[in-house]
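Trainee: To start, I am sharing the structure in question, which I have written as structure tokens.
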């Protein structure tokens, strides 16, 4: 099992360490509710250094990425980021990812740690474009500073004007005396924030400098990361999307662009045109209880019509919420469904995503 550069630091802060995607990761420190509220109301920092960084370079880089990803890479200019996915050959998703245009003919792909080996094999097996592929995941750490006070905190440490960086844009610059840090206006919480890609040897310094700026900064674990992303309706690979779920039925048609040809684009276009048998929806749980992953969704007669993919008690809303795939006839907002929880059924209704606006 791999350890984060800051693993000892997390333990000294009271972080409860668990195995996740081959890494020992902090799942929580003070508690999920406190950490969740810190990000929504103030500022928190996540160590998500387990994420994978793959660099693509060469004159055919754009053409290669157009073929293996679902989004339109030609829309990227230097300094922009794009959310996308790798479609597989059977209608599902190999992984979801971020595509960074570092410079002309050079890109960085940020992929899920649990899929890194699979993704690496996948892109190599489709490299008929003569591009150079480099897996630099072991060279980088990634700290995500998220929350309404994140810009104010980070601006104390850099001369880069962070307020000028728009959502899904980035700069490469100096912060906390460290050069060549990727300052990315992205995140997985729905709050304003930045993700900082830094070389491993500089990670300790960056962490210490972040905490030297304010007493309000809180370390945040994986558990609160999950409740934060679910409130915003962000898909989690392995739960809401996987090798068997298409981007169309997952509501990711907006990152699936048919202005170009890509892997399995013909079949996905047919899905978009004809519709899909099921759809990923948001659910408000109306009765007492929590809908957990893999719980069946049934209609009023007890007929199975879907399955829960993610569920939690929302700290912000003070009620249970979930995402689930349901038969398309039940996808309309306000449709009543039931969650099978052991021997009882709890009522729920379909709602629009995000849960927290």
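No lab work stands behind these numbers, since they all come straight from the coordinates. None of these values were measured; they are calculated from a predicted model. Here the Cβ is made from the backbone with ideal geometry for all residues, glycine too, and neighbour counts use every protein chain on show.
Trainee: On a C-alpha basis, how far is the centre of region 235-255 from the centre of region 176-206 in Å? Whole number, if you could?
Mentor: Cα centroid of region 235-255 versus Cα centroid of region 176-206: 27 Å apart.
Trainee: Using 1/(1 + (r/R0)^6) with R0 = 51 angstrom and r between the beta carbons of residue 201 and residue 270, what's the FRET efficiency to the nearest 0.05? Working shown, then result.
Mentor: On the way: r = 49 Å, r/R0 = 0.97.
The formula returns an efficiency of 0.55 here.
Trainee: Only counting other Cβ atoms within 10 Å, I'd like 220, 54, 123, 172 sorted with the fewest neighbours first. Please report the intermediate quantities before stating the final value.
Mentor: Working: 220 30, 54 20, 123 23, 172 17.
Placing the least packed residue first, the sequence is 172, 54, 123, 220.
Trainee: Let me ask you something else. Working out 0.36 nm times the residue gap between residue 344 and residue 134, then minus their Cα-Cα distance, what length gain in nm do you get to one decimal?
Mentor: Extending this stretch completely gives an extra 70.5 nm.
Trainee: Can I ask one more? How big is D for the chain, in µm² s⁻¹ as a whole number, if Stokes-Einstein is applied with the Kirkwood radius of its Cα pairs at 37 °C and 0.692 mPa s?
Mentor: Result for D is 154 µm²/s.
Trainee: Taking Cα pairs under 8 Å and at least six residues apart, what relative contact order does the chain come out at, in percent?
Mentor: The value is 17 percent.
Trainee: Give me D for region 278-351 in µm² s⁻¹, whole number, from Stokes-Einstein with Rh from the Kirkwood sum over alpha-carbon pairs, 20 °C and 1.002 mPa s.
Mentor: The calculation lands on 184 µm²/s.
Trainee: Relative to the present Cα-Cα distance, how much length would full extension add between residue 16 and residue 316 at 0.36 nm per residue of separation? Walk me through the intermediate numbers first.
Mentor: Details: separation 300, 0.36 × 300 = 108.00 nm, distance 2.29 nm.
Here the segment from residue 16 to residue 316 would lengthen by 105.7 nm.
Trainee: Gain in length, residue 77 to residue 30, computed as 0.36 nm per residue apart minus the alpha-carbon separation, to one decimal in nm?
Mentor: 12.8 nm
Trainee: What number, rounded to the nearest 500 deg cm²/dmol, is the helix-based mean residue ellipticity at 222 nm of the chain, given -39500 (n - 2.57) per DSSP H run of at least four residues and division by all its residues? Please report the intermediate quantities before stating the final value.
Mentor: Working: 8 runs with 70 residues, N = 357.
-5500 deg cm²/dmol, from helical runs alone.
Trainee: Hey, rough spin-label estimate for residue 102 and residue 351, points 7 angstrom out along Cα→Cβ, what's it come to in nanometres?
Mentor: Calculated label separation equals 4.2 nm.
Trainee: Run a plain Debye calculation on region 239-319 (Cα atoms as equal point scatterers, no solvent) and give log10 I(q)/I(0) at q = 0.13, 0.20 Å⁻¹, rounded to two decimals, same order as the q list.
Mentor: -0.54, -0.97
Trainee: Work out the FRET efficiency for residue 334 and residue 292 from their Cβ-Cβ distance, taking R0 = 30 Å, and round it to the nearest 0.05.
Mentor: 0.80
Trainee: Could you give the nm distance between label points at residue 156 and residue 121, where each point is 7 Å from its Cα heading toward the beta carbon?
Mentor: 4.7 nm
Trainee: Something else now. Between the alpha-carbon centers of region 77-111 and region 289-357, tell me the distance in whole angstrom.
Mentor: 31 Å
Trainee: Additional query: What is the projected area of the convex hull of the Cα atoms of region 52-135, averaged over all directions, in nm²?
Mentor: Dividing the Cα hull surface by four gives the mean projection, 4.8 nm².
Trainee: Mind giving me the FRET efficiency for residue 169 and residue 261? R0 is 25 Å, r the Cβ-Cβ distance, nearest 0.05 is fine.
Mentor: After rounding, the FRET efficiency stands at 0.35.
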